[in-house]
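Following: one structure in C-alpha cells, then a few remarks.
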Amino acid sequence: MRYDIRPVKADQWRSLKELRLTALSDPAASLAFLTTYAQASAYPDERWQENARSSELGLGAVTYVGVAPDGSWAGMVTVLLESPDQPKAQIVGLYVRPEHRRTGLAEELLLAAVARAMEGPAGAENVFLSVHEQNVRAQRLYEAQGFVRTGDDDVDDTGQIWEYARKRLP
C-alpha cells in the first residue's frame, strides 16, 4: 500500500485529535506513550488547534501523518525540534492503526521524522527517542532504522525502565 507522508496542517486539528486519542486507547499505549488517554481527552480544543498550527509552521514540534489511498489517516509521528544551539531532536508518539501495521508505514513515518530533524544548516546531530524495555516490537523497528541504545536509561513513575536510543546523523 502507498501512503502519502505529510505534516499536519492547522485546519486538520480535529483529525489530529481523533488519531492521537485512538493511539492512546490502543492496548499497547501504556508501553508506548507517556500521556494517557484520560489526560489527552481532557485537553481543550485550543490545545489541539495550537499543536496543529505549530506543526504546520514547523515551530518546535512537527507531526507527520501517513495518509492511506482512501484519504484516511493511518498513522502518525511527532518530531520535537530543539533550539539551534541544541542540535538535537526527539521523536515521540509513533503510532500506526492496527489495520495498517506491517505495511512499512511505521518505517516511512520514522524516516520522515528523522529527515525533518536533520533538515537545514542547523539540523540535529542526534535524534533521540525512548522505548519501554517491554516494547520489543518498537525496539526492533528502531534498531532496523539505525538507532542504538545510548545506555542512558531511566525509570518512570511506575518503576518501568525506559531505554533511550539515538541515531548519529552525518
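The values are calculated or read from the model by the stated rules, or taken from the named source; none is laboratory data. Computed from a prediction, not measured in an experiment: that's the story for all the values here. So basically every Cβ, Gly included, is an ideal-geometry build from the backbone, and we count neighbours across all protein chains shown.
For region 1-27, how many residues are over 15 Å from the mean Cα position of the chain (by Cα), in a loop (DSSP other than H, G, I, E, B) and of a type in the set (A, V, I, L, M)?
Number satisfying all stated conditions: 1.
Check S130 against each of (1) within 20 Å of S30 (Cα to Cα); (2) surrounded by fewer than 19 Cβ atoms within 10 Å (Cβ to Cβ); (3) at pLDDT below 95; (4) not hydrophobic (A, V, I, L, M, F, W, C) and name the one condition it does not meet.
(2)
What residue, of G75, G71, is farther than 23 Å from F128 by Cβ and either in contact with an Asp or Glu (Cβ under 9 Å, 6 or more places away or on another chain) or assigned to a loop (DSSP other than H, G, I, E, B) (or both)?
Working: G75 fails: farther than 23 Å from F128 by Cβ.
Going through G75, G71 in turn, the sole match is G71.
Mind counting the residues in region 1-22 that are hydrophobic (A, V, I, L, M, F, W, C) and buried (at least 17 other Cβ atoms within 10 Å of the Cβ)?
5
How do the pairs read when you match residues in region 1-15 that are more than 15 Å from L110 (Cα to Cα) with residues anywhere that are among the basic types (K, R) and not in a strand (DSSP E or B), using Cβ under 8 Å and keeping only pairs 6 or more apart or on different chains?
Every condition considered, the pairs that remain are A10/R53; W13/R53.
How about region 34-56: which of its residues are of a type in the set (A, V, I, L, M, F, W, C), exposed (fewer than 15 other Cβ atoms within 10 Å of the Cβ) and either touching a His at 6+ places or on another chain (Cβ under 6 Å) or touching a residue at least 12 places away in the same chain (Cβ under 8 Å) (or both)?
Correct list: L34 only.
Identify the residue in region 39-62 that is acidic (D, E) and touching a Lys or Arg at 6+ places or on another chain (Cβ under 8 Å) and, among all such residues, is farthest from D11 (Cα to Cα).
D45
Considering only region 16-33, state which residues are without any contact (Cβ under 8 Å) to a residue 60 or more places away in the chain and among the hydroxyl-bearing types (S, T, Y).
S25, S30
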